[in-house]
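The values are calculated or read from the model by the stated rules, or taken from the named source; none is laboratory data. Keep in mind the model is a prediction, meaning the values are calculated, not measured. Glycine also receives a Cβ, built like all others from the backbone with ideal geometry; neighbour counts cover every protein chain displayed. Note: accessible area is taken over every heavy atom of the protein model, side chains too, but ligands, DNA and RNA are not part of it. Shrake-Rupley method; radii C 1.70, N 1.55, O 1.52, S 1.80 Å.
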Amino acid sequence: MTARKKLFHNRFYKFCHYRTLITIITTSLLLWNCIAMKASAQTYNASVSTKGMQTVKGWGCNSYFATSSVPPEIIQDFYTELGMTIDRIYLDHNDGSDAAGNVNVAAMNEVCAKIKALESHGLRYMLCSWSPNISMKKPSIIGSADLRVGSEDAFTTYFVNICNFIKSKNLPLPLAISVQNEPTTTASYDSMHFIHEGRYDYSQYYRVVEQLRSKLDKNGFQNVKLLGPEDGAYDTGKNWGCSMTFFGGNGFPAFRTDSALKSAIWGCSSHSYNWGGGVIPLEQWAASCEKWHKDKWMTEYSYIENGEKDTPLIDIAVMATRRLCSDMACVRNNYWFWWDGYAPYIARNEVLVSDASPYTKYPLFYVLQKIFRNAVPGSVCHRVISNDPHLTTDDAIWMDAAAFVNRHGTTVVLVNPDRKTAATLDLSGLTGSKATIYQTTSEENMQQAATVSLVHKAIASLTLPPWSVTVVVTS
């Protein structure tokens, strides 16, 4: 064989060899793609557990800050349409007039105007202080500073004076009072610390709570309950966001050693922001509250973990719903509050309605509306169990399912956390005879997708669009 023919033969052989390899690889990729497509279209099972957990007792938010300039359509949005049952009323340094604990009449008149609006719609409220009059703090600033030891008596008298002022207007008293919003947070806005809390010494906080309970009782306000500590997270393991640490840590040993504190704290309150700490503190907080038979109040959450500007509205709706599922199915809260309803100039991660006319309801408004109006107080929360590996239904900071059962039917909240792939579920364990399916996507807000009859208390092949929230309501 000539050298030229030999070279040609070798090249031809290599060409055939490479073509065969390419064919094998291409065929393998096509086969793998078919398998992957088949897997993505697989129908998984999801079922509402038969075991009920906690009873839902209230849905709420700080609907708006007390001001006479709030548009009437905003009041309509929150007090008629949203389905909230309790408002969290903000008190700041302007509501107190001096170091003696007297109220600022003009500021409290605005608070009472909000209370009157709530009363006319049959809604309850709680009060939460961000800061008393600055003269009670050291140094005397609006932002974070310690409550002076010499001001403890005036600070507790301040709340009694607030209750007396509200009573003088013939308005309903608060269901509960929280003496301080996020007491370990350091901020320039209205806030306050208790002395030595950075050293995990909460003795001043205990004194204040016990003294306030005693004063409220002596002044005829026994039905006004106290919540606490309402820090920024269940427990981050740091010197802030330490709701569990305020009561001594896991198991709340402070309640065992201080019976007056245990009696004074009617409900254990916390926010559910999380910048660390994992799921274990959530589980410990839940178990500790239940150990002492305390209602759990999650009194503030908004989706600010991912920054506060330009977050897509669908991202806010999806991620906030995931946190709600965790707060209700993992922490088993009795009360759940979104942070802020309407507030001009605040980032949209924190509010439910735009700040300019026409006042646009954001996607999360419609999601919460569907949950609040169907999983009404008295509903019992149930877990949703699923074998879909893409859905988080076990205890976690972010969860993708929760269900609520009452005499009217079952409300199931389902999130698809995959941005690209739809999920298909056979959903069982429902009550009633029919189900209406609502879905929020990047293009729709709780759009009614279908109404179906239940077969054996189940829905077959329920599709969850990518990066969406689905609410199933049975009747």
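Just one of 171, 175 is in contact with a strand residue (DSSP E or B) (Cβ under 6 Å, 6 or more places away or on another chain) and of a type outside the set (S, T, N, Q); which is it? Can you show your working first?
Numbers: 171 fails: in contact with a strand residue (DSSP E or B) (Cβ under 6 Å, 6 or more places away or on another chain).
175 is the lone residue from the list that is in contact with a strand residue (DSSP E or B) (Cβ under 6 Å, 6 or more places away or on another chain) and of a type outside the set (S, T, N, Q).
Applying a threshold of 6 Å to beta carbon distances and a minimum spacing of six or more residues, or different chains, the list of pairs starting in the stretch 378-390 at a residue that is closer than 15 Å to residue 322 by Cβ and ending at one that is assigned to a loop (DSSP other than H, G, I, E, B) reads 384/393; 386/393; 390/418. Here residue 52 clears all of (1) within 22 Å of residue 325 (Cα to Cα); (2) buried (at least 16 other Cβ atoms within 10 Å of the Cβ); (3) in contact (Cβ under 8 Å) with a residue 40 or more places away in the chain except the condition numbered (2).
Give 297, 285 a once-over and let me know the one that is open to solvent by less than 30 Å² (accessible area, probe 1.4 Å) and either among the acidic types (Asp, Glu) or closer than 30 Å to residue 440 by Cα (or both). Outline the logic, then answer.
Details: 285 fails: either among the acidic types (Asp, Glu) or closer than 30 Å to residue 440 by Cα (or both).
Going through 297, 285 in turn, just one is open to solvent by less than 30 Å² (accessible area, probe 1.4 Å) and either among the acidic types (Asp, Glu) or closer than 30 Å to residue 440 by Cα (or both): 297.
On inspection, residue 261 qualifies as over 19 Å from residue 282 (Cβ atoms), open to solvent by less than 10 Å² (accessible area, probe 1.4 Å) and modelled with pLDDT of 95 or more.
Quick check on the stretch 126-139. Is at least one of its residues over 25 Å from residue 268 (Cα atoms) and among the hydrophobic types (A, V, I, L, M, F, W, C)? Yes, the conditions are met somewhere in the stretch 126-139.
All of (1) part of a loop (DSSP other than H, G, I, E, B); (2) on the phi < 0 side of the Ramachandran plot; (3) in contact with a strand residue (DSSP E or B) (Cβ under 7 Å, 6 or more places away or on another chain) hold for residue 378 with one exception: (2).
The condition of being at pLDDT 95 or above, over 23 Å from residue 59 (Cα atoms) and of a type in the set (A, V, I, L, M, F, W, C) holds for only one of 452, 367, that being 452.
Taking the stretch 55-65 as the range and being outside any loop (DSSP other than H, G, I, E, B) and open to solvent by 20 Å² or more (accessible area, probe 1.4 Å) as the test, only 55 passes. Taking the stretch 347-373 as the range and being open to solvent by 10 Å² or more (accessible area, probe 1.4 Å) and either more than 19 Å from residue 315 (Cα to Cα) or among the charged types (D, E, K, R) (or both) as the test, the residues that pass are 348, 350, 355, 356, 357, 358, 359, 361, 370, 373.
In the stretch 138-159, of all residues being among the aliphatic types (A, V, I, L, M) and over 15 Å from residue 181 (Cβ atoms), the one that is surrounded by the most Cβ atoms within 10 Å (Cβ to Cβ) corresponds to 154.
Per-residue answers, yes or no, for (1) on the phi > 0 side of the Ramachandran plot; (2) β-branched (Val, Ile, Thr):
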position: 163; (1), (2): no, no
position: 173; (1), (2): no, no
position: 179; (1), (2): no, yes
position: 182; (1), (2): yes, no
position: 193; (1), (2): no, no
position: 199; (1), (2): no, no
position: 210; (1), (2): no, no
position: 214; (1), (2): no, no
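If you go through the stretch 164-182 one residue at a time, do you hit one that is open to solvent by less than 10 Å² (accessible area, probe 1.4 Å), aromatic (Phe, Trp, Tyr) and either more than 22 Å from residue 136 (Cα to Cα) or in a helix (DSSP H, G or I) (or both)? No: zero hits. Quick one: in the stretch 200-231, which of the residues that are small (Gly, Ala, Ser) and open to solvent by 10 Å² or more (accessible area, probe 1.4 Å) is nearest to the chain's Cα centre (by Cα)? This residue is 203.
Go through the residues of the stretch 66-74 one by one and say whether even a single one is closer than 18 Å to residue 345 by Cβ, out of contact with any strand residue (DSSP E or B) (no Cβ under 7 Å at 6 or more places or on another chain) and either open to solvent by less than 10 Å² (accessible area, probe 1.4 Å) or free of Cβ contacts under 8 Å to residues at least 24 places away in the same chain (or both). Looking for residues that are closer than 18 Å to residue 345 by Cβ, out of contact with any strand residue (DSSP E or B) (no Cβ under 7 Å at 6 or more places or on another chain) and either open to solvent by less than 10 Å² (accessible area, probe 1.4 Å) or free of Cβ contacts under 8 Å to residues at least 24 places away in the same chain (or both), one finds at least one in the stretch 66-74, hence yes. Hey, could you check the stretch 322-344 for residues that are in contact (Cβ under 8 Å) with a residue 60 or more places away in the chain, assigned to a helix (DSSP H, G or I) and in contact with a strand residue (DSSP E or B) (Cβ under 9 Å, 6 or more places away or on another chain) and say which is farthest from residue 90 (Cα to Cα)? Only one residue tops the list, namely 329. Within the stretch 264-282, the set of residues being over 23 Å from residue 378 (Cβ atoms), hydrophobic (A, V, I, L, M, F, W, C), within 22 Å of the chain's Cα centre (by Cα) and open to solvent by less than 30 Å² (accessible area, probe 1.4 Å) comprises 265, 282. Scanning the stretch 120-137 for residues that are part of a helix (DSSP H, G or I), in contact with a Phe, Trp or Tyr (Cβ under 9 Å, 6 or more places away or on another chain) and open to solvent by 50 Å² or more (accessible area, probe 1.4 Å) gives a single hit, 120.
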